[in-house]
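Reviewing the structure listed below.
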Amino acid sequence: MELWQAIVIAIVEGLTEFLPVSSTGHMVLVSAAMGIHEDSWVKLFEIAIQLGAILSVLVLYRKRFLTSNPIPFYRNLMLAFFPAVVFGVLFKSLIDEFLESTFIIGCMLLLGGFVLVNVDKWFLKTSEEPAKNMSSVKAFIIGCFQVLAMVPGVSRSAATIIGGLTQGFGRKQAAEFSFFLAVPTMFGATAKSTWDLWGEHPELFNASNLTLLLVGSIIAFLVAALAIRGFIQYLTKYGFYWFGWYRIAVGSLVIYYSMG
């Protein structure tokens, strides 16, 4: 991977991390389009720069993370995070195999597109209850939805926001909790992947690769920080409909070319 390729992937990550279109799927597809082989280091790069993008949440929502009543907030984050920990440990090798299949990514983009086209109709009645009042049971259920996003192309953002809608929250409240949940999830995923790769291939952690990782993470952080507010405003006003058609179009193209 060259520097310009790392920059392109980081921009794609920052733009798509909080959109319901699958940032992982887009990074894999963009990497393939640039002729980058999905080896162990590239997979770690794609996971770690997601953490870079997610850190923008800590900056933009720092008051929520430094709340005067932290126990309910962090309890719910940990409960929602727990299902991903269990499934991530049990099925990591299978998830890695899925990352190498553009056909699976295309199918998930397509299927998710049909869901998003209709999801606004399914959840017409939602409350404006603040996510900070979320019960432990609701937090855990949203965490179970996050597990679906371990399949590349599903979208962690889409899965958890829809999970929030099923529990009666409005789009904004569901989206913000999705952002918060991404913080421990990506910290855990990055730490686990880094530890595993360090044990198998410590030589990959050289100055050149670490420089690419640092640059990619910074760019993903900056782009994501700019994208978050726009997404919240758009989602609150317009919903998921056009994201669904975008996924259907991209997913159809990916399936077509992967079978060619």
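The values are calculated or read from the model by the stated rules, or taken from the named source; none is laboratory data. Just so it is clear, the structure is predicted and the values come from calculations on it, not from any experiment. Neighbour counts run over all protein chains shown; Cβ positions are idealised from the backbone, glycine included.
Return yes or no: is residue 63 in a helix (DSSP H, G or I), under 30 Å from residue 201 (Cα atoms) and either more than 21 Å from the chain's Cα centre (by Cα) or not hydrophobic (A, V, I, L, M, F, W, C) (or both)? Answer is no for this residue. Taken over the range 196-211, the criterion of being at pLDDT below 90 and within 18 Å of residue 52 (Cβ to Cβ) is satisfied by 197 alone. Looking only at the range 167-203, residues that are loosely packed, with under 15 Cβ neighbours inside 10 Å and either hydrophobic (A, V, I, L, M, F, W, C) or in a helix (DSSP H, G or I) (or both) come to 9 in all. For the range 214-242, residues that are within 22 Å of residue 33 (Cα to Cα) and either under 18 Å from the mean Cα position of the chain (by Cα) or outside any helix (DSSP H, G or I) (or both) total 5.
Search the range 137-156 for residues being among the hydrophobic types (A, V, I, L, M, F, W, C) and over 14 Å from residue 21 (Cα atoms), and hand back the single one that is surrounded by the most Cβ atoms within 10 Å (Cβ to Cβ). Walk me through how you get there before you give the answer.
Pass one, the range 137-156, residues among the hydrophobic types (A, V, I, L, M, F, W, C): 137, 139-142, 144-145, 147-151, 154.
The next check asks that each one be over 14 Å from residue 21 (Cα atoms); those that pass are 137, 139-142, 144-145, 147.
Working: 137: 10, 139: 25, 140: 16, 141: 17, 142: 29, 144: 16, 145: 24, 147: 20.
Among residues in the range 137-156 that are among the hydrophobic types (A, V, I, L, M, F, W, C) and over 14 Å from residue 21 (Cα atoms), the one surrounded by the most Cβ atoms within 10 Å (Cβ to Cβ) is 142.
Inspection of the range 95-103 finds a residue satisfying the criterion of being out of contact with any His (no Cβ under 6 Å at 6 or more places or on another chain), within 30 Å of residue 34 (Cβ to Cβ) and at pLDDT 85 or above. Scanning the range 246-260 for residues that are closer than 16 Å to residue 25 by Cβ and either among the β-branched types (Val, Ile, Thr) or more than 16 Å from the chain's Cα centre (by Cα) (or both) turns up 246, 248, 249, 250, 251, 252, 253, 254, 255, 256, 257, 258.
Are any residues in the range 27-42 at pLDDT 85 or above, in a helix (DSSP H, G or I) and either of a type in the set (S, T, N, Q) or surrounded by fewer than 24 Cβ atoms within 10 Å (Cβ to Cβ) (or both), and if so, which ones?
Pass one, the range 27-42, residues at pLDDT 85 or above: 27, 29-36, 41-42.
Now restrict to residues that are in a helix (DSSP H, G or I): 27, 29-33, 41-42.
Answer for the range 27-42, where residues must be at pLDDT 85 or above, in a helix (DSSP H, G or I) and either of a type in the set (S, T, N, Q) or surrounded by fewer than 24 Cβ atoms within 10 Å (Cβ to Cβ) (or both): 29, 30, 31, 32, 33, 41, 42.
Flag: residue 8 does not match the condition of being part of a helix (DSSP H, G or I), in contact (Cβ under 8 Å) with a residue 40 or more places away in the chain and of a type in the set (A, V, I, L, M). Does residue 65 qualify as being surrounded by fewer than 18 Cβ atoms within 10 Å (Cβ to Cβ) and in contact with a helix residue (DSSP H, G or I) (Cβ under 9 Å, 6 or more places away or on another chain)? Judged against the criteria, residue 65 is a match.
Here is a yes/no grid of residues against (1) part of a helix (DSSP H, G or I); (2) among the hydroxyl-bearing types (Ser, Thr, Tyr); (3) closer than 28 Å to residue 207 by Cα; (4) more than 18 Å from the chain's Cα centre (by Cα):
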| residue | (1), (2), (3), (4) |
| --- | --- |
| 55 | yes, no, yes, no |
| 73 | yes, no, no, yes |
| 84 | yes, no, no, no |
| 104 | yes, no, no, no |
| 110 | yes, no, no, no |
| 114 | yes, no, no, yes |
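If you scan the range 201-255, which residues turn out to be of a type in the set (Phe, Trp, Tyr) and free of Cβ contacts under 8 Å to residues at least 40 places away in the same chain?
Just the residues of the range 201-255 that are of a type in the set (Phe, Trp, Tyr), to begin with: 205, 221, 231, 234, 238, 240-243, 245-246.
Of everything in the range 201-255, those that are of a type in the set (Phe, Trp, Tyr) and free of Cβ contacts under 8 Å to residues at least 40 places away in the same chain turn out to be 205, 234, 238, 242.
Screening residue 240 on (1) over 25 Å from residue 105 (Cβ atoms); (2) in contact with a helix residue (DSSP H, G or I) (Cβ under 6 Å, 6 or more places away or on another chain) shows it passes everything except condition (1).
Against the criterion of being charged (D, E, K, R) and crowded, with 19+ Cβ neighbours inside 10 Å, residue 247 qualifies.
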